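The values are calculated or read from the model by the stated rules, or taken from the named source; none is laboratory data. Because the structure is a prediction, the values reported are computed rather than measured. Note that we place each Cβ from the backbone using ideal geometry, even for glycine, and neighbour counts take in every protein chain shown.
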Amino acid sequence: MRPPHLQPTLIAIVIVGGAFGTAAREALSLSIASIGSFPLAIFLINVVGSFALGLLLEGLVRSGADTGRRRNVRLLAGTGFLGGFTTYSALATDTDLLLRAGDIGIGILYAVGTLLVGLVAAWAGIVIAASTHRRRNNPGVGA
């Protein structure tokens, strides 16, 4: 049997998820205006994507082994959709454009802020998924 990264079906799952994630990112980036020179759409996309990825992966890890349906969900929603949805290449490009335009403070705030807020968002997703799992498996605890 081929390793997962060489299986055509699994590759197709990632491609489909990525196509939808990229389309969703493009739609949002066209509909959310920047605040001055601050690229709000890409900031929000990356933060929301970080939260969703933390929530998804923690939820999947706590529900069992990374096989079958869980692996397919991870590949479709995580690697595919959220991989296409988030865009750290646009973060790098936007940061470069801000710095070259002389918006040094906004460029640094944008780059560092996206990374820090994204980290906190991912952590929040993990905490929420873990808490949900605990409540589901111990319904009388903490009620």
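Here are the numbers for this structure:
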{"read-out": "Single residue of 33, 27, 65, 12 found to be of a type in the set (A, V, I, L, M), farther than 26 Å from residue 126 by Cα and not in a helix (DSSP H, G or I)", "value": "33"}
{"read-out": "Among (1) among the polar types (S, T, N, Q); (2) surrounded by fewer than 16 Cβ atoms within 10 Å (Cβ to Cβ); (3) within 22 Å of residue 133 (Cβ to Cβ) - the single one residue 50 does not satisfy", "value": "(2)"}
{"read-out": "Unmet requirement for residue 62, which otherwise passes all of (1) surrounded by fewer than 16 Cβ atoms within 10 Å (Cβ to Cβ); (2) in contact with a helix residue (DSSP H, G or I) (Cβ under 6 Å, 6 or more places away or on another chain); (3) under 25 Å from residue 101 (Cα atoms)", "value": "(3)"}
{"read-out": "Test for residue 38: is it touching a Gly at 6+ places or on another chain (Cβ under 7 Å) and aromatic (Phe, Trp, Tyr)", "value": "no"}
{"read-out": "Test set (1) of a type outside the set (A, V, I, L, M, F, W, C); (2) closer than 30 Å to residue 137 by Cα; (3) under 18 Å from the mean Cα position of the chain (by Cα) - residue 64 fails condition number", "value": "(3)"}
{"read-out": "Unique match (being in contact (Cβ under 8 Å) with a residue 60 or more places away in the chain and surrounded by 13 or more Cβ atoms within 10 Å (Cβ to Cβ)) among 12, 24", "value": "24"}
{"read-out": "Filtered residues of the range 103-143 (kept if modelled with pLDDT of 95 or more and loosely packed, with under 12 Cβ neighbours inside 10 Å)", "value": "104, 105, 112, 116"}
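One line per residue, one yes/no per condition, for (1) out of contact with any strand residue (DSSP E or B) (no Cβ under 9 Å at 6 or more places or on another chain); (2) surrounded by fewer than 20 Cβ atoms within 10 Å (Cβ to Cβ); (3) free of Cβ contacts under 8 Å to residues at least 60 places away in the same chain; (4) not basic (Lys, Arg):
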| residue | (1), (2), (3), (4) |
| --- | --- |
| 34 | yes, yes, yes, yes |
| 45 | yes, no, yes, yes |
| 66 | yes, yes, yes, yes |
| 69 | yes, yes, yes, no |
| 80 | yes, no, no, yes |
| 88 | yes, yes, yes, yes |
| 91 | yes, no, yes, yes |
| 96 | yes, yes, yes, yes |
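For every residue, the table says whether it meets (1) under 18 Å from residue 42 (Cβ atoms); (2) outside any helix (DSSP H, G or I); (3) in contact with a Gly (Cβ under 6 Å, 6 or more places away or on another chain).
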residue: 55; (1), (2), (3): no, no, yes
residue: 61; (1), (2), (3): no, no, no
residue: 73; (1), (2), (3): no, no, no
residue: 92; (1), (2), (3): yes, no, no
residue: 95; (1), (2), (3): yes, no, yes
residue: 112; (1), (2), (3): yes, no, no
residue: 115; (1), (2), (3): yes, no, no
residue: 119; (1), (2), (3): yes, no, no
residue: 123; (1), (2), (3): no, no, no
